[in-house]
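Student: One structure, as structure tokens, below. Some questions next.
The values are calculated or read from the model by the stated rules, or taken from the named source; none is laboratory data. Bear in mind that the values here come from a model prediction, so they are computed numbers and not experimental data. Here the Cβ is made from the backbone with ideal geometry for all residues, glycine too, and neighbour counts use every protein chain on show. For the accessible areas, the whole protein counts, side chains as well, though only heavy atoms, and no ligand, DNA or RNA atoms are used. Shrake-Rupley method; radii C 1.70, N 1.55, O 1.52, S 1.80 Å.
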Amino acid sequence: MNMIELENIDKTYVTASVETRVLKRISFSVQKGEFLSIMGTSGTGKSTLMHILGCLDKPTDGHYRLDGTDMVSLNDDALSHLRNNKIGFVFQQFYLLDRATVLRNVMLPLIYTKEYPEDAKEQAEKLLAAVGLTERATYRPNQLSGGQQQRVAIARALINNPALVLADEPTGNLDSKSGADVLAVFQKLNREGRTIILVTHDRNVAEHANRIILLKDGMVAEDRVISSPLDADAESRAEAEKEMSK
Amino acid sequence: MKISKEIILSLEILTEHKVRTFLSLLGMVVGVGAVVVMVSTGRSAQKQIVDRINRMGTNLVIVSAGKSMLIAGRQRQMNIVRTLQVADAQSILEECPSVALAAPAVSEKVNIRWEDQNVNTTVAGMSVDGFQIRGIKPQSGRIFDPEESRALKRVAVVGSTAAANLFGSADPVGQQIRIGKVLFEVIGKATPRGTDVNGLDQDDVIFVPLETAMRRILNVTYVQTIYVQARNSRLLKNAEEEIASLLRERHRLAAKPDDFTIQNQATLLEAERETTSSMTLLVGSVAAISLIVGGVGILAVMLMSVRERIREIGLRRALGALRRDIRNQFLVESAILAGVGGMAGIGGGAILSWAISRFAHWPPVISLDAAAVAFSFSVVIGVFFGLYPAIKAANLDPIQALRSE
Ligand SMILES: Nc1ncnc2c1ncn2[C@@H]1O[C@H](COP(=O)(O)OP(=O)(O)OP(=O)(O)O)[C@@H](O)[C@H]1O
Ligand SMILES: [Mg+2]
């Protein structure tokens with residue numbers, strides 16, 4: 001079953017004098033439970049596409065159906081609810097609230113759920129443990145390293161148990177061990193049945209997915225299946241051994 | 001639960017810019033403070049005057065000789081009128097059904113001597129009923145009785161100020177004083193009554209029996225005032241009318257204007273209430289202006305806050321916040337901001353009005369209702385002036401907000 005169907009998606013930014021056509025007639029589908037990497041050089045429109053997939057932005061033209069519903073026809077409130085309970089977004093720039101603690105940041109999406117869960121704090125703590133930040137729960141984001149901030153952003157994306165996880169360069173700021181850990185988290189989530197779309201410019205990262213789409217000049221240049229994805233768990237263990245032997 | 005969490009976060013944000021927040025709140029603090037100060041001091045001043053009016057006596061109607069006029073807010077008798085008689089008082093008592101008591105009185109500044117002390121004080125000749133009508137009681141000694149009045153006895157009851165001026169710390173009761181040339185025995189001292197409606201000291205007086213004053217001191221056949229007590233407070237107006245028509249008949253005025261003036265306590269209170277209500281209007285408009293200034297301060301700080309937190313707004317929207325969630329968050333913030341300003345204003349205003357009432361020797365009046373109204377008003381203003389920034393924030397495009405620097 002197709003979870004995502006893109007049909008001739010166009011995105012043109014209009015500024016005072018210039019029109020920039022960033023996405024050009026993009027069409028592809030993603031099945032439920034897939035792990036997809038989107039690759040491309042800087043400025044090809046990867047983030048723009050992610051924002052459209054995450055229902056944050058609307059295409060200038062074309063159709064986007066999520067679970068069979070045409071996103072273009074939904075109103076603002078419906079899109080907000082959808083973002084809240086179906087989609088987990090890891091932004092390229094993390095976007096954490098510096099005033100709130102790490103724990104509060106992770107809990108933030110829960111504020112906008114229909115029913116605030118009794119065990120909100122426990123859920124957030126569990127996710128922080130999964131990304132290895134238990135001891136940093138009471139820190140402020142500006143007291144963390146870039147990699148730690150990225151992991152907080154990942155934990156926050158997962159708090160509402162989203163069916164679709166969108167991650168924009170989630171390993172961009174991480175060393176190879178932490179990068180492998182984060183990818184291991186995504187692979188585990190994928191094994192549990194979640195659909196994952198990951199943006200990266202790094203082929204090694206991309207090959208942890210089952211499928212890679214290559215964007216070039218705002219168009220799909222390549223769409224191929226990875227028959228044997230890399231195993232992030234194994235890499236993480238190998239990195240750990242390397243650390244030990246040093 | 002989730003609301004309270006957001007409020008705590010909002011408060012953290014506001015405390016981040018302490019100086020800016022404080023400055024923007026200043027208008028609100030001053031506005032609410034002004035309301036509290038003006039209402040409180042206005043009320044204690046009013047209470048003071050009402051107390052004075054009530055202290056004059058119970059169900060009191062005052063008949064004075066001649067046409068008196070209000071000059072610079074005080075009653076002034078224009079010229080000496082000799083038509084008001086002791087017999088008029090007797091007649092008022094007998095013929096006016098709404099009247100319970102009537103006491104004629106005269107008064108005049110006279111030189112008083114005791115040993116080598118020499119003071120100028122008002123001597124009031126008054127019948128015994130006058131003490132009851134005006135609520136004057138002996139603090140020590142006694143007041144004279146009707147028998148002494150009829151017999152032209154030379155006895156006196158001194159007011160506390162007059163007593164202090166004349167006798168210093170000595171006990172006045174039993175002393176011999178000279179009023180004009182006549183020797184009197186002090187038989188009592190009256191309880192202090194404070195100042196009257198016109199701000200005059202009611203205790204700088206020496207009471208003597210009416211007949212004694214008229215014949216032995218002033219040598220007059222007419223009186224200046226008749227103090228009348230109505231049967232109850234509802235009959236004040238009736239008493240006034242009955243007295244007026246009786247006196248016009250007795251004085252054979254026909255087409256001539258009144259040669260007397262009648263006032264009753266209710267009218268005095270009513271006049272007082274009118275002054276206060278025009279004061280209230282003034283207070284209201286000053287307060288409204290300051291609160292609007294305060295509201296503009298809130299508007300400014302909230303607009304700045306929205307601009308500074310544009311990324312946060314984008315993020316919240318991206319994470320699923322509805323437009324109305326964002327709007328409500330900013331409304332709650334500006335309401336809290338305004339409420340804090342209002343609280344500070346109430347605190348400052350209460351301290352200031354307490355200080356003023358102490359300084360002016362007014363009874364302190366804590367207007368809790370005014371404070372409550374001012375506080376709720378400040379919150380309403382916070383919501384009102386927060387509405388525009390909040391709607392502005394709510395209508396931001398999520399992705400544009402996220403991407404803006
Ligand atoms: N609001 C905007 N107005 C005009 N142009 C925009 C706007 N947002 C993005 N662009 C342009 O769209 C293009 C694609 O931007 P996008 O952020 O999607 O690239 P990207 O593939 O994610 O790049 P990177 O790998 O560096 O993150 C860029 O050329 C950028 O300048
Ligand atoms: Mg990007």
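Student: Report whether or not A:Lys46 is under 20 Å from the mean Cα position of the chain (by Cα), within 16 Å of ligand 1 (Cβ to nearest atom), of a type in the set (D, E, K, R) and more than 14 Å from chain B (Cβ to nearest Cβ).
Tutor: yes
Student: Taking strands (runs of 3 or more DSSP E) that fall entirely within the stretch A:1-42, which contain at least 2 residues that are farther than 15 Å from A:Met219 by Cα and open to solvent by less than 80 Å² (accessible area, probe 1.4 Å)?
Tutor: Result: A:2-14, A:35-39.
Student: Could you list all residues from the stretch A:198-209 that are farther than 15 Å from A:Ser42 by Cα and surrounded by fewer than 19 Cβ atoms within 10 Å (Cβ to Cβ)?
Tutor: A:Asn204, A:Glu207
Student: Which of the residues spanning the stretch B:359-405 are under 22 Å from A:Lys58 (Cα atoms), modelled with pLDDT under 90 and of a type in the set (D, E, K, R)?
Tutor: Across the stretch B:359-405, the qualifying residues are B:Arg403, B:Glu405.
Student: Now, a different point. Among the residues of the stretch B:355-367, what is the count of those that are touching a residue at least 60 places away in the same chain (Cβ under 8 Å) and open to solvent by 30 Å² or more (accessible area, probe 1.4 Å)?
Tutor: Here the count works out to 7.
Student: Report whether or not A:Ala157 is more than 14 Å from chain B (Cβ to nearest Cβ) and either more than 16 Å from ligand 1 (Cβ to nearest atom) or outside any loop (DSSP other than H, G, I, E, B) (or both).
Tutor: Values: more than 14 Å from chain B (Cβ to nearest Cβ): no; either more than 16 Å from ligand 1 (Cβ to nearest atom) or outside any loop (DSSP other than H, G, I, E, B) (or both): yes.
Here the answer is no, as A:Ala157 does not meet what is asked.
Student: Which one of these does A:Arg191 not meet: (1) closer than 22 Å to A:Val225 by Cβ; (2) away from ligand 1 (no atom under 16 Å from the Cβ); (3) touching a residue at least 24 places away in the same chain (Cβ under 8 Å)?
Tutor: (3)
Student: Within the bounds of the stretch A:65-75, is there any residue that is open to solvent by less than 60 Å² (accessible area, probe 1.4 Å), part of a loop (DSSP other than H, G, I, E, B) and either within 14 Å of ligand 2 (Cβ to nearest atom) or of a type in the set (S, T, N, Q) (or both)?
Tutor: No, there is no match, as no residue in the stretch A:65-75 is open to solvent by less than 60 Å² (accessible area, probe 1.4 Å), part of a loop (DSSP other than H, G, I, E, B) and either within 14 Å of ligand 2 (Cβ to nearest atom) or of a type in the set (S, T, N, Q) (or both).
Student: Continuing with this model, one more query. Can you name the residue in the stretch A:196-246 that is β-branched (Val, Ile, Thr) and closer than 24 Å to A:Lys11 by Cα and is also nearest to ligand 2 (Cβ to nearest atom) among such residues?
Tutor: In this case the residue turns out to be A:Val199.
Student: Going residue by residue through the stretch A:78-87, is there one that turns out to be within 13 Å of another protein chain (Cβ to nearest Cβ), among the aliphatic types (A, V, I, L, M), open to solvent by less than 40 Å² (accessible area, probe 1.4 Å) and within 16 Å of ligand 1 (Cβ to nearest atom)?
Tutor: No, the stretch A:78-87 contains no residue that is within 13 Å of another protein chain (Cβ to nearest Cβ), among the aliphatic types (A, V, I, L, M), open to solvent by less than 40 Å² (accessible area, probe 1.4 Å) and within 16 Å of ligand 1 (Cβ to nearest atom).
Student: Within the stretch A:97-112, is even one residue facing chain B (nearest Cβ under 9 Å), buried (at least 21 other Cβ atoms within 10 Å of the Cβ), among the aromatic types (Phe, Trp, Tyr) and away from ligand 2 (no atom under 16 Å from the Cβ)?
Tutor: Yes: one or more hits.
Student: Condition test on A:Lys58, is it away from ligand 2 (no atom under 16 Å from the Cβ), free of Cβ contacts under 8 Å to residues at least 24 places away in the same chain and either assigned to a loop (DSSP other than H, G, I, E, B) or charged (D, E, K, R) (or both)?
Tutor: Here the answer is yes, as A:Lys58 does meet what is asked.
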